[in-house]
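I have placed the structure first, in the form of structure tokens, so that the comments after it can refer back to it.
The values are calculated or read from the model by the stated rules, or taken from the named source; none is laboratory data. All values derive from a computational prediction rather than experimental measurement. We place every Cβ from the backbone using ideal geometry, glycine too, and count neighbours over all the protein chains shown.
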2 protein chains.
Amino acid sequence: MADILRIDLSSDAASSAPLSGDLAGLGGRALTSALVATEVDPKCDPLGPDNLLVVAGGILAGTSFPNGGRVSVGAKSPLTQGIKEANAGGQTARKLANLGIRAVALSGAAGELSLLEIDVSGARVKPAPELKGLGSYDTVAKLRETYGDDATYVLVGPAGEMQLKSAAVVTTTPDFLLRTASRGGLGAVMGSKNLKAIVINDKGAERTKIANPEAMKAAASAMSEGIRNHPIMQGLGALGTPLLVNVASAGIGCIATRNFSMGAFEGADKISGETMNGPLTSRPNAETTHRCMTGCVINCSQVYTDEAGDLVTSGFEFETLALLGSNCAIDDLDQLARLDRLCDDIGIDTIETGAAIGVAMEGGMLAWGDGKAAEALLKGITSGNPDSLLIANGCVATGTKLGVSRIPAVKGQSIAAWEPRVLKATGVTYATSPMGADHTAGNMLPTETYDSSVPEGQVPTSQFVQTYFAATDALGLCLFAAIAAADNMDTLVPMLVQAAGAVLGEELPPDYLMQLGTKNILQERDFNTRAGMTAADDRLPAFMTTEVIQPRGLVFDVPEAEMDAIFAG
Amino acid sequence: MADILRIDLSSDAASSAPLSGDLAGLGGRALTSALVATEVDPKCDPLGPDNLLVVAGGILAGTSFPNGGRVSVGAKSPLTQGIKEANAGGQTARKLANLGIRAVALSGAAGELSLLEIDVSGARVKPAPELKGLGSYDTVAKLRETYGDDATYVLVGPAGEMQLKSAAVVTTTPDFLLRTASRGGLGAVMGSKNLKAIVINDKGAERTKIANPEAMKAAASAMSEGIRNHPIMQGLGALGTPLLVNVASAGIGCIATRNFSMGAFEGADKISGETMNGPLTSRPNAETTHRCMTGCVINCSQVYTDEAGDLVTSGFEFETLALLGSNCAIDDLDQLARLDRLCDDIGIDTIETGAAIGVAMEGGMLAWGDGKAAEALLKGITSGNPDSLLIANGCVATGTKLGVSRIPAVKGQSIAAWEPRVLKATGVTYATSPMGADHTAGNMLPTETYDSSVPEGQVPTSQFVQTYFAATDALGLCLFAAIAAADNMDTLVPMLVQAAGAVLGEELPPDYLMQLGTKNILQERDFNTRAGMTAADDRLPAFMTTEVIQPRGLVFDVPEAEMDAIFAG
């Protein structure tokens, strides 16, 4: 039985009830979006009390299915002004599931800075003045002093408290390192509700029970084996997502470089997984592999320390290396690790931040490649430096203020690192996804049989991957496991359906995922339409249709009429 | 009958005699190198009177064979301290041939700034104080006032007079635009001899007679048709060598960018042939095609004017666009055209200059992409600005002074625009050619059947193309015609042999070109050995073996032992 826990922060009223009606059987993004779409006024102020912040585990949360523990955070976004979901690893989904909770829906706003405790005895909101202004690292340390290591933590850094538009929602891994649901400024929504943290303690809870344990066991076993045998997953296990730096730069020519003016970066190898492996294998306390959540069999992350062995950061990912690295022409791994740590500690999205700094570099605020100046800018956020606040409000705010014409954003939110002029189905996703230009919303790299560079045929490809990844976001499945399954469409995708059916106690149809994803996306698109978006919002920035991207020499040239017909039939 | 005209500038003694002995039948680079190798002390000061400056037409000069009118200039180089040949278009070779002269060999040094007149009545050296300090454009204008349009002119700009190491020897086209024999600082050698100009007037001369006119006619006809039917030559006719910008950047990822730290440039399309076609077709007096010499059937050049229709430059080529453009991150065509004009007018090599400015940008002397600062630097050469003089002495001088570790040079001379980590046979050529890293010494682009990116097999490929292009340099054949012939090895290469035989009155063996090129290169290598060069000089700069070049992710990894064995057997 999966419950929804509703908390009205204005009144401290808490209630819990089984998911039912249209919400029954949903999880992850499908659930956050269903709640936001049906309960939030599309025209409301996303930073006002009428917005709803939803934290939801996926359908597979708490089960033995591998890599199924992602947590979705959803609300109306202050960056896109549309419906938004961002998901992260960490223990949130698992511990909520152990407590019988699939989603926490937070309405209203607290009168003072507060935290929310959830445990076997219920849920309660408490003032938390002692956490005011604390960085994410200090917040977790302070919470652990009080609540210990049986709990997991969901929180915002100072940027969330300040309601800055790039603010992220931060979660914690099994070993209390940080992960973020970064995109769309959902940390600002949490901050607007005066909620600094959610403490989830599953001590004393029974482990998640599911309807059909045998079917789950078989599906989980097949999936684990499928992931372990997948060559890309093996590569990710060895070098992590930084493996993708050289793939995207040297291999495909599609890595964001110098404010999206280039598709490859001369310093790519210096910030690659291959290079990062040096400090990870030689420095004290560094780890080449790390998992963000219980049940992960890929271990794509790492623990990055300095030469003395002190932690700098973890979850130091491809998107961060690209947006803060190549996109800003910064090629120093230690410098980038410090920037990543600062973003996590302040609680902001590294993608939006890297895009904003790239725009600021183009606009002359700081020099290309000047990592120290970027670091100083980030450090100025908490002290209210005006340039720093501009950056923390995102790349559109920064570019507009500086008069920069090349602003890499869709629906007010920055584009992720995968260049859409080279990856045109990804470009269609960036343009048309109700989420804005997320790398997780439907990215499609070229294969031996798929040419990403031609304009023809990209819309159906995008529609398929958008739908599929929306469905796996509902499962709470990590993106890489979803890719491993997609590459084994006949053998592993049915295991995803079988696992969901095992949780829900139903025999699900073979096209369950497509049905789930389609319904989800149509609901999101409808919300955005009601919020005032039109086809004009389903566009890449104009410069991408006129400026060729080197080294591939391509523009984005998928016909607009085709894009406008996506999800129409 | 082909004569060699010898002028001792120290004594004004002139003598003329048929080429004989080992020199008989030679032309172009084979002849300049044979003279320098046998008559110049390899240990001499290249800027002293013991150096010999040779100006020689190719074997096919003055004939009806298409594209056979290049002129070679040879001497010991002040940049490489080895034997050097650089060749150019223009009318020099044809007019010398019409006068029965294949080579002019200049020894000693004049006591004051002088010019050399060559016409049907003989040769004479005259003081030329009125030309002192004049730019190339003004020099040509002043000479035309005196000598008119029946003559052609070979000259140096102020840089040659100042004996700066990047100084070029300048020639004139049929319509008195400028072309340069740029590489190796041969203009400084001419300047060291106090020779400002050579005036070659063939009025009253009989047209070149050859031994076997019928064989020549057939060969010339086949070759013209072969060139006209070659798709690359058609492309060069349409867009000129700037066509290669997008090919090298977007297509192959092998264009010198930001001081050879990258193989593709975000601004490539802005400086491409496709983009240049805009101003060339819309501006008054601009021309999309232009030929540098009589007998050209490719017309790869152009006339670039400003918006008012005033001439800016001609012969605005790929190497210039790459070294001054992508290599310096300058993406403004009008700016680059002004820089090209300045280089021609001052009389310096655009390749060496672009490489030096790229190094200066890396060293902080000026900002990446700052075309105006580059223009100011060039303008400072004639007034003796110390930074400007550093640039004009080449990239090694600049990089050494600024303490830059990435200096893209071999044998003291800058590398051309084609990235050797991607084009590895070209890399072998750059490393081992006795000429240093010239793009004309043996460049090899990838084809469907040839992979330029692997270390294996590149040495024999380089040896073949080095030998072939040395031979076509002896013919006086332009590089593109040589490529068209090489792409039709069975049908057109025999036409080259037949044409040379028609001039020389001999039945030449089928492997004539390989014999000619091999003998030439071995003679040049021997000179360099006697000048003190060792295998250590046959190396690319070390950074190219350790720093990967993006977007291709390659280092230069051809085994040194293999390179050391080139031309050994």
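Please find, among B:Thr257, B:Thr289, the residue that is more than 14 Å from every other protein chain (Cβ to nearest Cβ), in contact with a Ser or Thr (Cβ under 9 Å, 6 or more places away or on another chain) and not basic (Lys, Arg).
From the options B:Thr257, B:Thr289, the qualifying one is B:Thr289.
Matching residues to (1) farther than 27 Å from B:Val140 by Cα; (2) crowded, with 19+ Cβ neighbours inside 10 Å:
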| residue | (1), (2) |
| --- | --- |
| B:Pro18 | yes, no |
| B:Val55 | no, yes |
| B:Phe65 | yes, yes |
| B:Gly68 | no, yes |
| B:Leu99 | no, yes |
| B:Ile118 | no, yes |
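Residues of region B:63-102 being of a type in the set (Ser, Thr, Tyr) and under 27 Å from B:Ser433 (Cα atoms), which ones? Steps first, answer last, please.
Within region B:63-102, the subset of a type in the set (Ser, Thr, Tyr) is B:63-64, B:72, B:77, B:80, B:92.
Those that are of a type in the set (Ser, Thr, Tyr) and under 27 Å from B:Ser433 (Cα atoms): B:Ser72, B:Ser77, B:Thr80, B:Thr92.
Going through A:Gly135, A:Gly100, A:Gly69, A:Gly89 one at a time, which residue ends up being over 20 Å from A:Asp150 (Cβ atoms) and modelled with pLDDT of 95 or more?
Sole residue among the options that is over 20 Å from A:Asp150 (Cβ atoms) and modelled with pLDDT of 95 or more: A:Gly135.
Hey, can you tell me all the residues within region A:267-277 that are away from every other protein chain (no Cβ under 14 Å) and surrounded by fewer than 19 Cβ atoms within 10 Å (Cβ to Cβ)? Steps first, answer last, please.
The initial filter retains those residues of region A:267-277 that are away from every other protein chain (no Cβ under 14 Å), namely A:276-277.
Hit for region A:267-277 is A:Asn277, nothing else.
For B:Gly133, all conditions in the list (1) at negative phi; (2) in contact with a Pro (Cβ under 9 Å, 6 or more places away or on another chain) hold save one; what is the number of the exception?
With (1) at negative phi; (2) in contact with a Pro (Cβ under 9 Å, 6 or more places away or on another chain) applied to B:Gly133, the lone miss is (1).
Considering B:Gly68, B:Gly25, B:Gly74, which residue is in a loop (DSSP other than H, G, I, E, B), under 23 Å from B:Thr171 (Cα atoms) and not aliphatic (A, V, I, L, M)?
Answer to the selection: B:Gly68.
Touching a helix residue (DSSP H, G or I) at 6+ places or on another chain (Cβ under 7 Å) and at positive phi - does that describe any residue in region A:443-466?
no
Could you please find all residues in region B:249-261 being surrounded by fewer than 24 Cβ atoms within 10 Å (Cβ to Cβ) and assigned to a helix (DSSP H, G or I)?
Listed by number, the residues that qualify are B:Gly251, B:Ile252.
From the list B:Ile252, B:Ile271, exactly one residue is out of contact with any Phe, Trp or Tyr (no Cβ under 7 Å at 6 or more places or on another chain) and farther than 21 Å from B:Met444 by Cα. Which is it?
Being out of contact with any Phe, Trp or Tyr (no Cβ under 7 Å at 6 or more places or on another chain) and farther than 21 Å from B:Met444 by Cα holds for just one of B:Ile252, B:Ile271, which is B:Ile271.
Which ones in region B:292-312 are out of contact with any Pro (no Cβ under 9 Å at 6 or more places or on another chain) and either at the interface with chain A (Cβ under 9 Å from one of its Cβ atoms) or not aliphatic (A, V, I, L, M) (or both)?
Across region B:292-312, the qualifying residues are B:Asn299, B:Cys300, B:Ser301.
May I ask you to say which residue of B:Gly226, B:Gly185, B:Gly237 is out of contact with any Phe, Trp or Tyr (no Cβ under 7 Å at 6 or more places or on another chain), of a type outside the set (A, V, I, L, M, F, W, C) and at pLDDT below 95?
Only one candidate qualifies: B:Gly237.
If a residue must be outside any loop (DSSP other than H, G, I, E, B) and either surrounded by fewer than 24 Cβ atoms within 10 Å (Cβ to Cβ) or of a type in the set (Val, Ile, Thr) (or both), how many such residues does region A:160-190 contain?
Residues in region A:160-190 being outside any loop (DSSP other than H, G, I, E, B) and either surrounded by fewer than 24 Cβ atoms within 10 Å (Cβ to Cβ) or of a type in the set (Val, Ile, Thr) (or both): 6 in total.
Of the conditions (1) charged (D, E, K, R); (2) under 23 Å from the mean Cα position of the chain (by Cα); (3) not in a loop (DSSP other than H, G, I, E, B), B:Asp45 fails just one. Which one is it?
(3)
Scanning region B:221-248 for residues that are within 17 Å of B:Thr294 (Cα to Cα) and among the hydroxyl-bearing types (Ser, Thr, Tyr), which turns out surrounded by the fewest Cβ atoms within 10 Å (Cβ to Cβ)?
Per the criteria, the residue is B:Ser221.
Residues are listed down the side, and each one gets a yes or a no for (1) in contact with a His (Cβ under 8 Å, 6 or more places away or on another chain); (2) modelled with pLDDT under 95; (3) of a type in the set (D, E, K, R); (4) crowded, with 21+ Cβ neighbours inside 10 Å:
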| residue | (1), (2), (3), (4) |
| --- | --- |
| B:Ala2 | no, yes, no, yes |
| B:Leu5 | no, no, no, yes |
| B:Ser10 | no, no, no, no |
| B:Thr38 | no, no, no, no |
| B:Asp41 | no, no, yes, no |
| B:Pro49 | no, no, no, no |
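Residues to consider are B:Ala211, B:Ala264, B:Ala222; find the one that is facing chain A (nearest Cβ under 9 Å) and touching a helix residue (DSSP H, G or I) at 6+ places or on another chain (Cβ under 8 Å). First the steps, then the outcome.
Values: B:Ala211 fails: facing chain A (nearest Cβ under 9 Å); B:Ala222 fails: facing chain A (nearest Cβ under 9 Å).
B:Ala264 is the lone residue from the list that is facing chain A (nearest Cβ under 9 Å) and touching a helix residue (DSSP H, G or I) at 6+ places or on another chain (Cβ under 8 Å).
Can you find a residue that is hydrophobic (A, V, I, L, M, F, W, C) and under 25 Å from B:Gly295 (Cβ atoms) anywhere in region B:455-467?
The answer is yes; a qualifying residue exists.
Can you list residue pairs whose Cβ atoms sit under 8 Å apart, with the first residue in region A:550-565 being more than 9 Å from chain B (Cβ to nearest Cβ) and the second being in a loop (DSSP other than H, G, I, E, B) and of a type in the set (A, V, I, L, M, F, W, C)? Count only pairs 6 or more apart in sequence or on different chains.
From region A:550-565, the pairs are A:Val555/A:Val548; A:Phe556/A:Leu540.
Under 21 Å from A:Ser383 (Cα atoms) and either touching a Leu at 6+ places or on another chain (Cβ under 8 Å) or at pLDDT below 95 (or both): which single residue out of A:Glu161, A:Glu130 fits that description?
None of the others qualify; the one that does is A:Glu161.
Starting from region A:469-489, take each residue that is under 23 Å from A:Gly235 (Cβ atoms) and of a type in the set (Phe, Trp, Tyr) and list its partners that are modelled with pLDDT of 95 or more and in a helix (DSSP H, G or I), counting only C-beta distances under 8 angstrom and pairs at least six apart or across chains.
Matching pairs, first to second residue: A:Phe469/A:Leu479; A:Phe469/A:Ala482; A:Phe469/A:Gly517; A:Phe480/A:Ile227.
Matching residues to (1) under 21 Å from B:Val555 (Cβ atoms); (2) without any contact (Cβ under 8 Å) to a residue 12 or more places away in the chain:
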position: B:Ala376; (1), (2): no, yes
position: B:Lys379; (1), (2): no, no
position: B:Ser383; (1), (2): no, yes
position: B:Ala392; (1), (2): no, no
position: B:Leu402; (1), (2): no, no
position: B:Ile407; (1), (2): yes, no
position: B:Ala416; (1), (2): yes, no
position: B:Ser433; (1), (2): yes, no
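Which of the residues that make up region A:199-211 are at pLDDT 95 or above and polar (S, T, N, Q)?
A:Asn201
Of the numbered conditions (1) more than 14 Å from every other protein chain (Cβ to nearest Cβ); (2) modelled with pLDDT of 95 or more, B:Glu506 fails exactly one; give the number of that condition.
(2)
Which number in (1) buried (at least 23 other Cβ atoms within 10 Å of the Cβ); (2) out of contact with any helix residue (DSSP H, G or I) (no Cβ under 6 Å at 6 or more places or on another chain); (3) under 17 Å from B:Ala500 (Cβ atoms) marks the one condition that B:Ala24 misses?
(1)
Just give me the residues in region A:112-148 being out of contact with any strand residue (DSSP E or B) (no Cβ under 7 Å at 6 or more places or on another chain), of a type in the set (Gly, Ala, Ser) and assigned to a helix (DSSP H, G or I), in sequence order.
Scanning region A:112-148 gives A:Ala141, A:Gly148.
Look at A:Leu492 and say whether it is at pLDDT 95 or above, more than 14 Å from chain B (Cβ to nearest Cβ) and either more than 19 Å from A:Ser224 (Cβ to Cβ) or surrounded by fewer than 19 Cβ atoms within 10 Å (Cβ to Cβ) (or both).
Numbers: at pLDDT 95 or above: yes; more than 14 Å from chain B (Cβ to nearest Cβ): yes; either more than 19 Å from A:Ser224 (Cβ to Cβ) or surrounded by fewer than 19 Cβ atoms within 10 Å (Cβ to Cβ) (or both): no.
Against the criterion (at pLDDT 95 or above, more than 14 Å from chain B (Cβ to nearest Cβ) and either more than 19 Å from A:Ser224 (Cβ to Cβ) or surrounded by fewer than 19 Cβ atoms within 10 Å (Cβ to Cβ) (or both)), A:Leu492 does not qualify.
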